[in-house]
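Notes follow once the structure below has been shown.
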Amino acid sequence: MARVAIVTGGTRGIGEAISLALQAEGVTVAAAYAGNDERARAFSERTGIQAFKWDVADFYACQDGVKRVEAEIGPVDILVNNAGITRDATMKRMTYDMWSDVMRTNLAGCFSMAKAVWDGMTARKYGRIVNIGSINGQAGQYGQVNYAAAKSGIHGFTKALAQEGARVGITVNAIAPGYIDTDMVAAVPEDVLAKIVARIPVGRLGKASEIARGVTFLCGEDAGFVTGSTLSINGGQHMY
Ligand code: NDP
């Protein structure tokens, strides 16, 4: 039986590359997304991967979403917590809603999704969970106290949950991407982006497929001894 994976935010950007890479490994993928139906439909038509819509910031929607996937596809062996948003502003301008939206989506979403798959993985004594953090969770970033705190939290969450999963065959790891060429980075003003690229030793933005490569490694059947780790994929920008 093929393994079953849920990739949140799996219909575009880094998540799309992760969905495709897992599919290429023979995994049956369910790609979850928030609201961009058009991109999700085009993605499913192109790839044959089923897309499911729910809000990872809503705990109960995550529980229902996982139940839908399990009913339609099968028990979930792999969870990739990739969905994420930015709501950037300096402290002076950041509202509580900007803080809260990012914490609920980027950090609480990881808890809600892991919670929804945990009992099943524990009962079957197998699981792979990969959480997508960020270089900005490791190093901080001006104008991103919300995003940096949420992503930094993901790294702590990963290390704590890895300890609980270790004896029941569940590995929990994180990837900390640097700047990757996706819609999220396209939203950064051109002059700011040029300055960012100038600080990347490799001299370019990363590709979504380069993050996906790390995910397929961590999700491999033979990666059972890798847990609680954070894999930095950032072109040498931050050596942690
Ligand atoms: P994109 O903005 O390109 O895509 C985000 C994806 O997440 C979309 O599929 C979106 O769904 C989904 N999503 C957003 N909010 C929710 C929600 N509340 N519930 C369910 N799904 C949601 O992002 P990237 O591909 O650039 O980033 C992917 C991950 O990588 C994020 O966690 C990001 O923080 C992280 N990252 C990205 C970096 C980069 O340089 N791009 C660098 C470091 C980390 P929909 O299509 O419906 O909107």
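Read-outs throughout are calculated quantities, based only on the coordinates presented, and are distinct from any laboratory measurement. The shown structure was predicted, so the numbers you read here are calculated from the model rather than taken from an experiment. In this analysis, Cβ positions are derived from the backbone assuming ideal geometry, glycine residues included, and neighbour counts consider all displayed protein chains.
Summary table
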{"item": "Where trypsin sites (Lys or Arg not before Pro) fall in DSSP loop in the stretch 35-122, at most 12 other Cβ within 10 Å", "result": "92, 93"}
{"item": "Cut-off 15 Å, label 7 Å out along Cα→Cβ of residue 115, residues of the stretch 57-76 by amide N", "result": "57-67"}
{"item": "With eigenvalues of the C-alpha gyration tensor scaled by 5 and rooted, the chain, Å", "result": "27, 19, 18"}
{"item": "Residue-by-residue Karplus 3J(HN,Hα) for the stretch 88-104, coefficients 6.51, -1.76, 1.60, Hz, glycine and proline x", "result": "7, 5, 5, 3, 4, 9, 6, 8, 5, 5, 5, 4, 5, 4, 6, 5, 5"}
{"item": "Table column - 3J(HN,Hα) (Hz), the stretch 150-162, Karplus curve with 6.51, -1.76, 1.60, x for Gly and Pro", "result": "5, 5, 4, x, 4, 5, x, 4, 4, 5, 6, 5, 4"}
{"item": "Relative contact order (%) - the stretch 4-233, alpha-carbon pairs under 8 angstrom, separation at least six", "result": "21"}
{"item": "Ordering of 193-200, 25-32, 126-133 by burial proxy (mean other Cβ atoms within 10 Å per residue, highest first)", "result": "126-133, 25-32, 193-200"}
{"item": "Spin-label model distance (nm) - residue 197 vs residue 58, 7 Å beyond Cα toward Cβ", "result": "3.9"}
{"item": "Length added when fully stretched, residue 124-residue 160, from 0.36 nm per residue minus Cα-Cα", "result": "10.9 nm"}
{"item": "Nonlocal amide H pairs with residue 3, under 5 Å, H built at 1.01 Å", "result": "28"}
{"item": "Neighbour net charge for residue 17 - beta-carbon separation under 11 angstrom, K R +1, D E -1", "result": "0"}
{"item": "Potential lengthening between residue 36 and residue 190 on full extension [0.36 nm per residue; Cα-Cα distance subtracted]", "result": "53.0 nm"}
{"item": "Karplus (6.51, -1.76, 1.60) ³J(HN,Hα), θ = phi - 60°, over the stretch 30-43, in Hz, Gly and Pro reported as x", "result": "10, 9, 9, 8, 8, x, 7, 4, 4, 5, 5, 5, 4, 4"}
{"item": "Amide hydrogen neighbours beyond the local backbone of residue 228, cut-off 5 Å, H modeled", "result": "172, 173"}
{"item": "Amide H within-cut-off set for residue 9, under 5 Å, with H built and near neighbours excluded", "result": "32, 33, 83"}
{"item": "Between 0 and 90°, nearest 10: helix 13-24 axis offset from the chain longest Cα axis", "result": "30"}
{"item": "Sparse-neighbour loop sites [GluC sites (Glu not before Pro); the stretch 135-222; at most 10 other C-beta within 10 Å; DSSP]", "result": "221"}
